[in-house]
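Below is one structure, written out as C-alpha cells; the observations come after it.
The values are calculated or read from the model by the stated rules, or taken from the named source; none is laboratory data. The model shown is predicted, which means the values in this text are computed figures rather than measured ones. In this analysis, Cβ positions are derived from the backbone assuming ideal geometry, glycine residues included, and neighbour counts consider all displayed protein chains. What goes into the accessible areas is simple: the full protein's heavy atoms, side chains included, and nothing from ligands, DNA or RNA. Shrake-Rupley method; radii C 1.70, N 1.55, O 1.52, S 1.80 Å.
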Amino acid sequence: MSVRNADEVEAAIAGGAAIIDVKEPGRGPMGAATPDTISTVIEAVAGRRPVTAAAGELVDADRPLLSQLSELPLSAIKLGLANQSDRWPALWADRVPESATDRFVPVAYADHAAARSPRPKTVFQSAAATGCGAIVIDTWQKHPPAPSLVTATGREELAGLLDEARSNGLVPMLAGRLDEADLTLIRRIAARRDVPAIAGVRGAACDGGRNGRILRSRVERLVAALRNTPRAVVF
C-alpha cells in the first residue's frame with residue numbers, strides 16, 4: 001500500500017497491507033518522497049511490514065539521493081523508465097549504487113508510448129541481465145480517464161507479461177490505478193500460473209483519489225479481493 005507519510009501507516013497496516021510503499025503522488029507516477037519522510041514512515045512501521053519506496057524516474061535520478069536511499073532499511077527502491085530508450089541499463093549502472101543493486105527495481109510502463117519508455121518485454125530482458133530480481137509493471141498515466149493496468153493491457157497480454165517476467169527470473173509486481181475488480185482478475189490470473197499476486201494500490205484506497213487520504217475500510221476491501229490466493233500481497 002503506497003503511503004505518502006507516516007500518518008497513513010496505521011490505516012494501511014490495520015487494513016491488511018502486506019508491504020508499505022512510500023510515494024509522493026503529487027510528484028508523478030513514481031514520485032519520490034523526501035528521505036526524511038521515508039525515514040519517518042520506516043519508524044512508524046517499526047518492523048511490522050517490509051518498506052519499499054519510489055525514487056522517481058531514472059532519467060531524473062540524483063545519484064547522491066539514490067545513495068542516501070540505499071542506506072535506509074528499504075526492501076526495494078523503484079525507479080521508473082519514462083523518457084528512456086532500450087539503452088537504459090547504461091544509465092542504471094551509472095546511477096544506481098553498486099552495493100545496493102539487488103534492491104533497486106525498474107518500473108516497466110505498460111503505456112510505454114505515453115511514457116516514452118521501452119516496451120515491458122524488452123525491459124524484462126535487460127533487467128535480468130543487470131542483476132535485478134524483480135520488476136514493477138505499472139502505468140505512467142495516473143489520472144482519469146487513463147485506464148488501469150488491467151484495462152490498458154487486457155487479460156491475455158497481462159498474463160503474457162507475467163509469464164515473460166517469470167521466464168526472465170523476475171518477480172513481477174503489478175500497479176497502475178488498480179481497483180477491486182482488477183485485483184480479483186489478477187488473483188485469478190496469478191493462481192492459474194502459480195505466480196505471486198503482488199499488487200500495488202493507492203488511489204482506490206484513498207478518500208478522494210491518489211492525492212487523498214488512505215482509509216482502513218478501503219484497504220480491507222482491496223486486500224479481500226486477493227484473499228485465498230497463494231503468496232498474495234498488497235503494497
Run the reach check for Lys23 against lysines, Cα to Cα strictly under 23 Å, same-chain hits fewer than 8 apart removed. What comes back? Lys78, Lys142
So, R0 is 30 Å and r is the distance between the beta-carbons of Glu71 and Arg216; what FRET efficiency does that work out to, to 0.05? 0.45
Restricting to the chain, what percent of DSSP beta bridges are antiparallel, rounded to 5? 5 percent
Of all DSSP beta bridges in the range 113-235, what percent run antiparallel (nearest 5)? 20 percent
Using alpha-carbon positions, what is the distance between the centroids of the range 133-157 and the range 112-130, in Å? 14 Å
Test item: Cα-centred dipole of the chain, Lys/Arg +1 and Asp/Glu -1 on Cβ, debye: 560 debye
Out of all Cα-Cα pairs in the range 119-205, roughly what percent, to the nearest whole number, are more than 19 Å apart? 34 percent
Which of the trypsin sites (Lys or Arg not before Pro) found in the range 63-107 are in a DSSP loop and have at most 15 neighbouring Cβ atoms, other than their own, within 10 Å? Arg87
Estimate the FRET efficiency between Ala90 and Glu180 by the formula 1/(1 + (r/R0)^6), using the beta-carbon distance for r and 41 Å for R0, to the nearest 0.05. 0.55
Furthest towards positive pole of dipole, Ile20, Thr34, Ala61, structure part the range 1-70, Cβ charges: Ile20
To the nearest Å, what is the center-to-center distance of the range 161-235 and the range 28-95, using C-alpha atoms only? 20 Å
For the chain: accessible area per residue (Å², 1.4 Å): 42 Å²
Diagonalise the Cα gyration tensor of the range 103-150 and give the resulting equivalent ellipsoid semi-axes, square root of 5 times each eigenvalue, largest first, whole Å. 22, 11, 7
Contour minus end-to-end for Arg63 and Ala191, with contour as 0.36 nm per residue of separation and end-to-end as the Cα-Cα distance? 42.2 nm
Give me the percent of the accessible area of the range 161-235 that comes from carbon and sulfur atoms, probe 1.4 Å, all protein chains in place. 44 percent
Indicate, rounded to the nearest 5 percent, the antiparallel portion of the DSSP beta bridges found entirely in the range 27-152. 0 percent
Taking the alpha-carbon set of the range 1-59, what are its Rg and Dmax in Å? 10.8, 36
Relative contact order for the range 1-156, counting Cα pairs under 8 Å that sit 6 or more residues apart, in percent: 17 percent
Here the alpha-carbon Rg of the range 15-115 over 2.2 N^0.38 Å rounds to 1.06
Equivalent ellipsoid, the chain (semi-axes from 5 times Cα gyration tensor eigenvalues, Å): 23, 22, 16
